[in-house]
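Chemist: I have a structure here, written as structure tokens, and I will follow up with some questions on it.
FYI, it's all coordinate maths here, none of it is from the lab. Just so you know, these numbers come straight off a predicted model, no measurement behind them. Every residue, glycine among them, receives a Cβ derived from its backbone with ideal geometry; neighbour counts consider all protein chains shown.
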Amino acid sequence: MSRIILWLRNDLRMHDNYVFNWAMNYKSANKEIVPLYCFDPRYYFKEHSQTKYGTRKTGLIRARFQIETVENLRKSLRNIGSDLLISSEKPEDFIPKLLVQDSNTENIIVYQTEITSEELKIEGKVKKNVELLAKNNKQPLTAKVESVWGLTLHHLNDLDYDPNEYLPHVYGKFRERNLNVKVRPLLPTPTKN
């Protein structure tokens, strides 16, 4: 059996979502897909969510928008016979609790690649805690962490250059460089089985 944990963060749509698409296309005789959203206290709760300058990381309007978006995603998932697991813990603390700890289950955590330093640090902490759990578990525990790209108009794999080495700083130059790069077609929306 495969338990696929879809750790959703910024792309909270079912349609055209690379994380959902990855899970739907994963080849396994028996798979359980667990969509998850964490209201990370570092972003949402007053005692933890301030920047070093004293401002909130997530303002009230943004927080309300996130709540409404998560509610909408949960409703969409329920319409196809699924659901959305919601946590108010740090992802690196909560996600390892979802792993099935037996040798017959393949655990996979899938998330969309992010690019900011804070999000990358959180991804690193999730990976570290999953590795620690697997290492210290009394029974064999299989746990993989997969990252998929899906945030941009042009997919990274479709560019003829490495954006880490070269990225035009002026939009006109960026547009010229990507003139022949095709926009990928939309991904299918998950449906009821």
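Chemist: List the trypsin sites (Lys or Arg not before Pro) in region 97-164 that DSSP assigns to loop (not H, G, I, E or B) and whose Cβ has at most 12 other Cβ atoms within 10 Å. Which are they?
Modeler: Values: sites: 97, 121, 125, 127, 128, 135, 138, 144; in loops: 138.
Counting only loop positions with at most 12 other Cβ atoms within 10 Å, the trypsin sites (Lys or Arg not before Pro) in region 97-164 are 138.
Chemist: Rounded to the nearest 0.05, what FRET efficiency is calculated for residue 128 and residue 26 with R0 set to 25 Å and r the Cβ-Cβ distance?
Modeler: On the way: r = 24 Å, r/R0 = 0.95.
After rounding, the FRET efficiency stands at 0.60.
Chemist: To the nearest 0.05, how large is the calculated FRET efficiency for residue 155 and residue 53 if R₀ is 41 Å and r is the Cβ-Cβ distance?
Modeler: 0.70
Chemist: Within the P(r) computed for region 133-189, what percentage of the Cα pairs occupies the region above 15 Å? Provide the component values of the computation, followed by the final result.
Modeler: Values: 1034 of 1596 pairs.
Value for region 133-189: 65 percent of Cα pairs lie more than 15 Å apart.
Chemist: When the chain is fully extended, how far beyond the present Cα-Cα distance does residue 75 get from residue 60, taking 0.36 nm per residue of separation?
Modeler: Details: separation 15, 0.36 × 15 = 5.40 nm, distance 2.26 nm.
Full extension from residue 75 to residue 60 adds 3.1 nm.
Chemist: So, in nm, how far is label residue 83 from label residue 173 when the simple model puts each one 7 Å beyond its Cα toward the Cβ?
Modeler: 5.2 nm
Chemist: Please identify, among 91, 163, 140, the residue showing maximal mean-square fluctuation in a Gaussian network model of the chain using a 10 angstrom Cα cutoff.
Modeler: Highest fluctuation among the options: 163.
Chemist: Separation between the residue 42 and residue 136 pseudo-spin-labels, each 7 Å from Cα along Cα→Cβ, expressed in nm?
Modeler: 2.0 nm
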